[in-house]
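First comes the structure, then the notes that go with it.
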Amino acid sequence: MNIKQVKVYSPGSIANLGPGFDVFGIALDSLGDFVYLRQIQEPVVEMTIKGIGAEKIPIKPEINSSGAVLLKVMKDYELQNGFRVDIRKGLPSSAGVGSSGASAAATSMAVNELMDLGLSPKQLIELASYGEGAVAGHPHADNVAASLMGGFVMVGEGCDVIRMDAPGIGIVVLVPQIHIPNKTRTARELLPEKVNLADAVKNIGHATRMTAAVALRDPVLFGKSICDSLIEPHRAVMIPHFWDVKEAALRAGAYGCSISGGGPSIFAVGEPVGDIAKAMTKAFKDVLSKIFHTQPTNRGAMVI
Ligand code: HSE
């Protein structure tokens, strides 16, 4: 049995970025999770979680994004031993900043390293996205791809991901201190099965312009492309004062503002981040929130 321990850091991420539902993701600087993994004799997954919001995260492996990754590896490779995983959260959970994705990404990278599985980048994304599915009820790769690869990612069919370096720009993330049970499932259930053609056309326009902004390294065009007619109007109902916060961010100089991933966090892109953060917090009135100042990172998950 392998007794070495592997430690991996994985950044959090913002998925969707406005127009790119389930397609776009960006990795976040200085916000992420650490995962420590080793093998154990018993064929089970033992977990501990410490750090931000740890008490809110289930440690039953079947319903934890990290645990689900390890159970899958044990099954797929018919392992006789199990794993002990210790997670140190640097990301708030159920907030929309890719917390479960970061843990799943870090765990996939750690188990690949520990067991010498030789997984390709695409296989790592597939494995981590399976872990996401255990939490969200629906596997999606936008968060895990950004966490694993860093930068700006575009997820295609079958976890076929294109990655580009992200433009440098300030990002403010307002994390509401509200509890939404089964948050990602709930946020997905709010969405309609069919969408309006004119709204779809608008989103395609903004998504293509965002991709061009990344290619051109144009942070202003990037921020101005954060517009979403398909998802935001449906999910805004679960976030108190969403429209006021968005308006305040734009007035304070943000180029764009929308729901971060499945929410309820709200992110804004632009400078000066201090003014934008202050305006957003004020518009959130008496609802408790935490504010994070960050920026994109081009470094994905790494063994440390
Ligand atoms: N693309 C996913 C969603 C991200 O919006 O449901 C969830 O974190």
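Below are the figures for this structure:
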quantity: Whole-angstrom gap from region 56-74 to region 102-172, using each part's C-alpha centre; calculated: 16 Å
quantity: Most fluctuating residue given options 29, 218, 142, as computed from a GNM of the chain linking Cα atoms under 10 Å; calculated: 218
quantity: Highest-first arrangement of 288-295, 171-178, where packing means the average Cβ count within 10 Å; calculated: 171-178, 288-295
quantity: Measure of compaction for region 166-291 (Cα Rg per 2.2 N^0.38 Å); calculated: 1.05
quantity: Shape call, region 198-239: gyration tensor on alpha carbons, a/c limit 1.5; calculated: oblate
quantity: Per principal axis, descending, Cα span of region 67-124 in whole Å; calculated: 35, 24, 15
quantity: Apportionment of accessible area to carbon and sulfur, the chain, percent (1.4 Å); calculated: 54 percent
quantity: 222 nm mean residue ellipticity, helices alone, for the chain (DSSP H n ≥ 4; -39,500 (n - 2.57); rounded to 500); calculated: -11000 deg cm²/dmol
quantity: Directionally averaged projected area (convex hull, Cα atoms, region 1-116), nm²; calculated: 7.2 nm²
quantity: Counted charge near residue 113, where neighbours are those whose Cβ lies closer than 12 Å (Asp, Glu -1; Lys, Arg +1); calculated: +2
quantity: Sequence ranges 193-204, 38-49, 86-97, ranked by mean other-Cβ count within 10 angstrom, highest first; calculated: 86-97, 38-49, 193-204
quantity: Counted charge near residue 25, where neighbours are those whose Cβ lies closer than 11 Å (Asp, Glu -1; Lys, Arg +1); calculated: -1
quantity: Region 163-169 - phi-based ³J(HN,Hα) in whole Hz, Karplus 6.51/-1.76/1.60, Gly and Pro as x; calculated: 10, 9, 4, 8, x, x, 6
quantity: Value of Rg/Rh across region 50-161 [Cα atoms, Kirkwood radius]; calculated: 0.94
quantity: For residue 51, residues with placed amide H under 5 Å, excluding near neighbours; calculated: 89
quantity: Long-range HN-HN contacts of residue 255 with modeled amide H, under 5 Å; calculated: 269, 270, 271
quantity: 5 angstrom amide H check on residue 40, placed H, neighbours 5+ away; calculated: 82, 83, 84
quantity: Among 174, 283, 303 - extreme Cα towards positive end, dipole of the chain, charges at beta-carbon; calculated: 283
quantity: The chain, accessible area per residue, ligands and nucleic acids excluded (1.4 Å, Å²); calculated: 43 Å²
quantity: Region 218-232 - phi-based ³J(HN,Hα) in whole Hz, Karplus 6.51/-1.76/1.60, Gly and Pro as x; calculated: 10, x, 5, 4, 4, x, 6, 8, 7, 9, 9, 9, 9, 9, 3
quantity: Filter on 89/246; 89/194; 89/224; 202/246; 60/246 - keep pairs with C-alpha separation over 25 Å; calculated: 89/246; 89/194; 89/224; 60/246
quantity: Rounded to whole Hz, the Karplus (6.51, -1.76, 1.60) HN-Hα couplings of region 104-117, x for glycine and proline; calculated: 5, 5, 4, 5, 4, 5, 5, 6, 4, 6, 4, 9, 6, 7
quantity: Reachable aspartates and glutamates from residue 278, criterion Cα separation under 16 angstrom, eight or more residues apart if same chain; calculated: 244, 247, 286
quantity: Reduced Cα scattering model of the chain, Debye log10 I(q)/I(0), q = 0.07, 0.10, 0.12 Å⁻¹; calculated: -0.24, -0.50, -0.71
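The values are calculated or read from the model by the stated rules, or taken from the named source; none is laboratory data. Because the structure is a prediction, the values reported are computed rather than measured. Glycine gets a Cβ as well: all are built from the backbone with ideal geometry, and neighbour counts include every protein chain shown. Calculation scope for accessible area: heavy atoms of the full protein, side chains included, ligands and nucleic acids excluded. Shrake-Rupley method; radii C 1.70, N 1.55, O 1.52, S 1.80 Å.
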